[in-house]
Each structure stands twice: as C-alpha cells, then as structure tokens.
Amino acid sequence: MRRSLLAALLSLTIFSSPAAADPLRDAVAKDMPSLLTLYRDLHANPELSMQETRSAAKLAAEVKKLGFDVTTGVGKTGIVAVMKNGPGPVLMLRADMDGLPVEEQTGLAFASKVRATSLAGVESGVMHACGHDTHMSAWVGTARRLAAMKDQWSGTLVMIAQPGEETSEGAKAMLEDGLFTRFPKPAHVIAFHDAASLPAGTIGYTPGYALANVDSVDILVKGVGGHGAYPHTTKDPIVLGARIVTALQTLVSREVDPQAPAVVTVGSFHSGAKHNIISDEAKMLLTVRSYTDETRKLLLNGIARIARGEAIAAGMPEDRMPVVTVRENQATPATFNTKKITEDMAALFTQRFGAERVVATPAVMGGEDFSRFYRADKSIESLIFWVGGVPKARWESAQGDPTKLPSIHSPFWAPEAEAVIGTATEAMVAASLDILAKS
C-alpha cells in the first residue's frame, strides 16, 4: 500500500502539466512501475556495442506480445517491429541499445557490475553511461501505448531498436541490411536522447544541425631515429609532431569561417620509449568535429596538407612523409533536424507540456548515428530531441550549470529515470498520434 501511494504521488509530480491530466498521461503514469522494472533490469545488464543480444531479446519479446511483426538480427543485433494499421504515412521510431566500456560509480542499488570484452578485444566494466536504458524503456512504453490506441491513428508504425550507436556502426549496419528496402520506408523518423544538461522532464529541441560530423583521424609521423646525444644525425618525429599539432590550431582559428563551428583536437600523442633515444616515429590520434560537409572537407584536407607541409619544412625525404588516415568506418555524419517536423513537434510539445518544459537548445559537438537515416534519403522528415534527466535538487544546487554536474558518458551519470522515461514516452506517443492522425 505504501509503495502504491508513493508511486501515485511520484506520477503526479512527474507528469504534472499546465492542463488537467488526460488519458494518455494517465496511461503512461499507470505503466510506469512496469517500465521502471524493465529499466532497472536493462541498467544492471548493459551490453557493449554490436553485442546487444540480451537487450534485443527482451525488447523483441515485448513488442511481439503487442502484435507487431518483429524481425530480429537486422544489422547484427537490431530489431525492426512493424505494425500496419490502415492507410497513411510510415513513421519510424528509433531507440539505441548499447552500453559503454565504463565502470559504474553511481552507487545505485541496481548498478551494473558487468564486465565484458569489446569486439576490439578490450576488457572493461560496462555501464549505461549514456542513458540508452531509458531510451529502450521509453521505446517499449511508446509501443504499448500506440498498440493500445490503434483506433486513434492510421498508417504504418516501424519501431527499430538499434545496436552500436556508440561505435557509429549500428545505423549503417541496419541500412546495409535492408532497413529501407526489406521494410516499409519511413516518411518521418523520430528519436530522443536523455540529457545531462537539462532538468528532469524538460524537453529540448534544436532546429537544423543538432549534432556534429565526427571524424577520427590518425597521423603517423615518420622520422629517422638515433641517439639523443647526437640529434643532428636524426630527424626527430616528436619535434615534427609538435609542429603539426601547433599548426593544426590555425585550421579553426584562421581557415574556417568564424561563424561555422569546428573542432580539431589531438587526443593522443605517443612516441619513444627511453630518455636518450630519438624515436623513428610518432603517432597522433585526432577527433575532428563540424556541421556542414563543406567544413568537414576543409578540415580533413587541411590536416593532410599541414602534416605534409610541416614534414617538407623539416627536411623529411619523400619516403618519410606522414601518413594521414581518416577512419571512415568510425565516422558519424552530422545530425540535421528538418524544418517542418521540428517546428510542428516543438509546438505540439509546448501545448502538451507547457512552455516552461519545452526549450530551444543550442547544437552540440557530440555525434549521433541517427543522422544516417536522414542522410540515406533527404526526403525524410527527421527529428531527434532531448529529454532532461538531471534531478531537480541537483540542478538547483548546481544553479543550472551543467559543468558542475556529471555528463553523459560519466561513471556517475544517473538520470532521474522516472522523469525521462515518462516524459519521453508521452512525447513520442503524442508525436506519433499527430503524424499518423486519421484523415
């Protein structure tokens, strides 16, 4: 009895809005205990990218019970669940399933104790440090509501549970496995992501570019090794590498339009093994961020040009030029929210949740392979929105400064799951009913 009373009070707190409670909000609140049980199970049992077999099995079982036509193993571990409900548009809703190689330090009673080995052979702790457990739980909540409300919409609903978002593999793998050819091709695609920069239950949206192009670049700087006491007999790759690092800073400061966001970060620089030995090579790892394809091309071409130019200036022979490798298989295109669906959903969410809970948010330099669905066919209306997860007390103690709070990918990130799942489920259902409204 006490637990039921607490759940009821919690639902009133989380789902309160300027308007009186409505049937959708009431139904979501009633489903919350079950969704939170699912969430805690998913949180305690995370799986690394492209290994999401347990998570996929649980989600597939949930949507099969609801009457969806379910296909598993799409893009390795992905799920495609289709519900045809008369004439109308095709809407695709997406959730991602993978956890991160992070050892959890949240102190939650259901904290992950899982350890696993990635496909690259690295063993580590595993945690849902990006909140994909809330995404999957809201996906199930949305499927339940839309299956129960079939009399209120018409069209085709395609719900996908995607693997490998964290490694930028999953969306590409599902598309290559026939997502848009074997299954109904969507006219609209929608996803959400929990946010560590918004208070719990707040919805954020970004018109246009919302997340960045993400490129990983390796630079192998070649030199001529030798004794540290006789540097004149060598070509020092560390000095050359340092010149390259310094010159790379001019790409953003002097070559990119100041109004076009761009980032070039050297995240790793390794060379040598001993005090008195000049190595014969240095290795650098870069992350490169941008929004437009034009800026991306400028940055990548500039990196190759600067690496070669600095080597020529250092007197390196042609056979010792740096090798610049752009890891295309790890690249993530920029995520673009198309105009109509973004404006429509912003208005819809504001009407449903109130202006104080729906805010325009700036674009970020993080990446999301949700972008690939729109890039595969730019006639698609595409939107990814944010749902805040920072508990109210923590938000207020930080005075709304997200730099004072754990970010996503932090071992301390623990969103207020009730608010994220409840808000996201209600928002996704409302958006679906609007797009699939009967004529």
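The values are calculated or read from the model by the stated rules, or taken from the named source; none is laboratory data. Note that the structure is predicted; figures quoted are calculated from it, not measured. Because the Cβ atoms are built from the backbone with ideal geometry, glycine has one as well, and the counts that use them run over all protein chains shown.
On the basis of being assigned by TED's automatic domain parsing to the domain that holds residue 89 and buried (at least 16 other Cβ atoms within 10 Å of the Cβ), does residue 423 make the cut? Please lay out each step first, then the result.
Numbers: assigned by TED's automatic domain parsing to the domain that holds residue 89: yes; buried (at least 16 other Cβ atoms within 10 Å of the Cβ): yes.
Taking the combined requirement at face value, the residue satisfies it.
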Picking from 151, 177, 133, the residue that is of a type in the set (D, E, K, R) and crowded, with 24+ Cβ neighbours inside 10 Å would be 133
Where a residue in the stretch 127-154 is of a type in the set (Asp, Glu) and its partner, wherever it lies, is crowded, with 24+ Cβ neighbours inside 10 Å and assigned to a helix (DSSP H, G or I), with Cβ under 7 Å and at least six apart
133/39; 133/42; 133/43
Apart from one, (1) closer than 13 Å to residue 75 by Cα; (2) under 20 Å from the mean Cα position of the chain (by Cα) all hold for residue 178; the odd one out is (2)
Which condition from (1) assigned by TED's automatic domain parsing to the domain that holds residue 219; (2) under 26 Å from residue 171 (Cα atoms); (3) in contact with an Asp or Glu (Cβ under 6 Å, 6 or more places away or on another chain) is the one that residue 294 breaks?
(3)
For a quick check of your reading of the model, give me the residue pairs whose first member lies in the stretch 19-48 and is over 14 Å from residue 419 (Cα atoms), whose second is of a type in the set (Ser, Thr, Tyr) and in a helix (DSSP H, G or I), with beta-carbon atoms closer than 6 Å and at least 6 apart or on different chains.
38/137; 47/55
Search the stretch 154-172 for residues being under 18 Å from residue 70 (Cβ atoms) and either not assigned by TED's automatic domain parsing to the domain that holds residue 22 or not polar (S, T, N, Q) (or both), and hand back the single one that is surrounded by the most Cβ atoms within 10 Å (Cβ to Cβ).
161
